[in-house]
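Let me begin by presenting the structure, written as structure tokens, before commenting on it.
The values are calculated or read from the model by the stated rules, or taken from the named source; none is laboratory data. Quick caveat: nothing in here was measured; it's all calculated off a predicted structure. Note that we place each Cβ from the backbone using ideal geometry, even for glycine, and neighbour counts take in every protein chain shown.
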Amino acid sequence: MHPFYNIHSHLATENNDALLTIQNLYNNFDNMDTSKFYSIGLHPWYLNNYEEDLILLKKYSQNKNVLAIGECGLDYLCSTDKQLQMNAFKEQIQIAVTLNKPLIIHCVKAFEDVLKQLNDLKNKIPIVFHGYNNNVTIAKRLIDKQYYLSFGTSLLRNKNIELLKTMNPNYFFLETDISTIEIEELYAIAAQIRNTDKNDIILQIQQNFKKVFLNDN
């Protein structure tokens, strides 16, 4: 196991003995480097070529170095047609279920509809809400369903500190998303928030990673 895991980054990063990064792609799936790990999906912001991209997604999501489907979901603040977003989201849930791969969720002002889709489709795969930046009440509902929350640079702005301090550690990850911050810094911040040693955070996320992305229960 690697000491550090960055489960969601849009920046190309070289993996090494100390770090495994899951790079996210929402297009150009054919450009994947076979030596790296990816999550691939149709982001609700970018559905202009939905039909063509969906065909490619179904093809490339079967690759072994694709560890998750997404980020996908619903964003009710963006200009993309809501029904188109919903159609794309449903398709990607089905792809993830068929392949038995985790689903990485992008959700903005749409939690009720996202949860309804996951419930209606009787989802049996790991669900990760990436870049979590919402209230404790919603977080509790998600964790009660055994969904995972991934935190990024919001921890630098005192957002979600109380949540991370008290939540069940079996259901959290750390990520850099679009930021250039080093994931090790977020590990140190998480350790400080939870008033524990950084090695405890390392061991916890290692355990969570094995369960979610390596299907090691």
Residue match in the range 76-99 (condition: surrounded by fewer than 19 Cβ atoms within 10 Å (Cβ to Cβ), farther than 30 Å from Asn199 by Cα and in contact with a Ser or Thr (Cβ under 8 Å, 6 or more places away or on another chain)):
yes
I'd like the residue in the range 1-27 that is assigned to a loop (DSSP other than H, G, I, E, B), in contact with a Ser or Thr (Cβ under 8 Å, 6 or more places away or on another chain) and without any contact (Cβ under 8 Å) to a residue 60 or more places away in the chain and, out of all such residues, is nearest to Cys78 (Cα to Cα).
Thr13
Counting only residues that are at pLDDT below 95, of a type in the set (A, V, I, L, M) and under 15 Å from Gly70 (Cα atoms), the range 12-31 contains a total of 0
Determine if the range 141-153 includes at least one residue that is at pLDDT 95 or above, among the polar types (S, T, N, Q) and in contact with a Pro (Cβ under 8 Å, 6 or more places away or on another chain).
no
Determine whether Thr21 is surrounded by 21 or more Cβ atoms within 10 Å (Cβ to Cβ) and under 13 Å from Ile183 (Cα atoms).
yes
Can you tell me which of Ile127, Ile104 is closer than 12 Å to Gly41 by Cα and modelled with pLDDT of 95 or more?
Ile104
With respect to the numbered conditions (1) within 13 Å of the chain's Cα centre (by Cα); (2) outside any strand (DSSP E or B); (3) of a type in the set (Phe, Trp, Tyr), which one is the sole condition not fulfilled by Tyr38?
(2)
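So, in the range 28-44, how many residues would count as being without any contact (Cβ under 8 Å) to a residue 60 or more places away in the chain and surrounded by 16 or more Cβ atoms within 10 Å (Cβ to Cβ)?
So the count comes out to 6.
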In contact with a Gly (Cβ under 8 Å, 6 or more places away or on another chain) and buried (at least 17 other Cβ atoms within 10 Å of the Cβ): is that true of Leu155 in this structure?
no
